Amino acid sequence: RWAPSGDQEYQNGYAFSDIAASLDLYFVNGWSAQANSRFNPHEDEITRTDLDIQYSRANNDNISIGYHFNQPITLALAEDGSERLEDVTLSSRFHLTDRWIYSQEADYSLESENIKSWESRVEYEDNCWSLGLKLGRKLSADSADHDGNYFGLIFSLKGLASYGK
């Protein structure tokens, strides 16, 4: 991205933005891997890296594990004086029966060695709608404080494309 006189705030005042790359690999038997990276050529450092490995079955059941590294300017300094954020994520989605689905997501901080956020959801899914109950703990925008625990009852309409099947 080049912005000689435009929105340079996104680019930390430089005319050229970071260099971004993405790679998606799909293997046999439901295995896949996704990798994304962002490199700041002005500071000569990697500012963000995401790596996810996933196993999926034909019925959309899946499990994935990921590693995320982020070095944003807005975060508090880490112990060694650098600005960074390293997390390991785990998510899964499994059918309990034909209509009932359980999903779980968790984000573990390697810096603070604790779970930053998590969410569990049980959902009943019909042809064009679903009803679910979810609960969890959410991380706020500043990454130091939590917005707290939450729960919710979710009703979703998924369209009428499969109505009558």
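Read-outs: derived from the displayed coordinates by stated rules, not from any lab. What you are looking at is a predicted structure, and each value in this text was computed from that prediction instead of being measured. Note that we place each Cβ from the backbone using ideal geometry, even for glycine, and neighbour counts take in every protein chain shown.
Brief remarks follow.
- Sum of side-chain charges, D24 neighbourhood, beta-carbon under 13 Å (Lys, Arg +1; Asp, Glu -1): -2
- Around L90: net Lys/Arg minus Asp/Glu count, Cβ-Cβ under 10 Å: -2
- 15 Å beta-carbon shell around L157, net charge (K/R +1, D/E -1): -2
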